[in-house]
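As structure tokens, the structure follows; a few thoughts come after it.
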Amino acid sequence: MSKTHNKTLLYVGLLSIAFLPACDFFKSDDKKASAKPDTHVSKDDKDKGQVLLTIKGEPVVREKDFQQYFETFLETNPRIKQIMHLMPDAKKGIFMSMTTEEVLLAWLKENGIDKSEGFKNELDKAMKVVERNLRVQLAAKNFEEKHPVKVDEKDVKKHYEENKHVPGIMIAPGGTKAEGVEFDNKDKAEDFLKEVKNEKDFKKFAESKKLTVKDFGMVNDMRHDVKEDLRKKILDIDRTPTKKMFEVDKKFWVVFAEKKEDAKHHPYDAVKDQIKERVRIDKTTTMFKDEVDKLKKDYDVKENEEYFDKKNEEDKKDVSKHLEDDENGAVKTEPKKA
């Protein structure tokens, strides 16, 4: 693993500590440290496997502890989980992250900071936030299990057909390859169209007339740098190659449409698993909204939206006042003209 990977894992590991549930490996032993690792361990400790980390001679992390840490780490860092196969020595990097955390916890205990009122108050506040977040996550998990959504083949195929323009399904957008010359005068545009009609090389002929050729490249619905009206007219061309004149915003374009290309897409079978998951997420989101709306009625939930509307108006007034004060301050500090 590169140094960059190690640093990333360490950083994410340190950040994730606040979100990990309480585990055995966060606890420290009250026994006095000995010069060598304690070989007299209980049966439960032996069941945890080989000792992986000692601090001052005391076993702190065993195989089972680390495996629990590792699995939780991946669950709370799904992006890293997706690329684990690209980092064969990632486990060692994550273990180093865990070591750093355990050293910090040992330092905390040795210095008695964990016994101070300030630390206890901060920990209590943080744990309340963490506990609430975990309760909400578990509530959502159980709610989803009680309200399962069904995704069948028809749903997946429908999403595939309706979203062929979306990156991930679409490989290349296709469109019409075109170039053109712009004129201010309609007569000049018509004259040029007649002259270029039978020419094989549109650009070469136009440049021989000292005209500027605009290369549009592949024009499609995603090409917002091409004026909308002109884009639509180019895309409406049904046969290529062809040369046509269009009026757009009181300008006259002579356009050479060289060829049309269909959009290219991933085969359905290559992306159906990803689409199925996307559809499942969409259906789950809809399910949550619908079912929670029902619960709001059942639980007689009343949301005080007026409070926020009033606060919003007050905030707008405060912003206006600040802007006005800033403008007045700028006027007062403006130097007098000689």
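Each reported figure results from applying straightforward, stated rules to the coordinates on display, with no laboratory input. Fair warning: this is a prediction, and the values are worked out from it, not measured in the lab. Virtual Cβ from ideal backbone geometry, glycine too; neighbours counted across all protein chains shown.
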- Query: What order do you get for F288, F205, F216 when you list them from fewest to most C-beta neighbours inside 10 Å?
  - Reply: F288, F205, F216
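Among T212, T176, which comes first, second and so on when ranked by fewest other beta-carbon atoms within 10 Å?
Listing T212, T176 from fewest to most nearby Cβ atoms yields T212, T176.
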- Item | Qualifying aspartates and glutamates (Cα of each under 20 Å from Cα of K64; at least 8 residues distant if same chain) | D24, D29, D38, D44, D45, D47, E75, D89, E101, E102
- Theoretical FRET efficiency, 1/(1+(r/R0)^6), r = Cβ-Cβ of Y307 and D89, R0 45 Å, to 0.05: 0.25
- Query: Which FRET efficiency value, to the nearest 0.05, do you get for E314 and K289 by plugging their Cβ-Cβ distance into 1/(1 + (r/R0)^6) with R0 = 30 Å?
  - Reply: 0.50
- Item | Inter-label distance, nm, simple model (7 Å from Cα along the C-beta direction), D229/H165 | 2.2 nm
- For K157, list the lysines whose Cα falls under 18 Å from its own Cα; do not include residues on the same chain fewer than 8 positions away. K264, K272, K276, K283
- Task: Using the Karplus curve 6.51 cos²θ - 1.76 cosθ + 1.60 with θ = phi - 60°, work out ³J(HN,Hα) for each residue of segment 269-274 in order, rounded to whole Hz, and write x for Gly and Pro.
- Result: 5, 6, 10, 5, 5, 5
- Message: Let me spell out the model: positive unit charges on the Cβ of Lys and Arg, negative unit charges on the Cβ of Asp and Glu, origin at the Cα centre of segment 174-262. What dipole size does that give, in debye rounded to 20?
- Response: 220 debye
- Pop a pseudo-label 7 angstrom from the Cα along the beta-carbon direction at both L74 and K251 and give the gap in nm to one decimal. 5.7 nm
- Item | Cross-link table K289/K317; K177/K232; K203/K251, entries beyond 22 Å C-alpha to C-alpha | K289/K317
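In percent, what relative contact order does segment 174-262 have, based on Cα pairs under 8 Å that are 6 or more apart in sequence?
47 percent
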- Item | Modelled FRET efficiency - R0 35 Å, V136 with T54, Cβ distances, 0.05 increments | 0.40
- Under a straight-distance cross-link criterion of Cα-Cα below 18 Å, which lysines are reachable from K296, leaving out those fewer than 8 residues away in the same chain? K146
- Cα-only Debye scattering, segment 174-262: base-10 log of I(q)/I(0) at q = 0.22 Å⁻¹: -1.09
- Query: Using the alpha carbon gyration tensor of segment 149-192, what are the three equivalent-ellipsoid semi-axes (square root of 5 times each eigenvalue), largest first, in whole Å?
  - Reply: 46, 10, 7
- Query: What is the distance, in nm, between label points placed 7 Å from the Cα along the Cα-to-Cβ direction at D236 and at K154?
  - Reply: 3.8 nm
- Got a sec? How would R132, R239 order by Cβ neighbour count within 10 Å, fewest to most? R239, R132
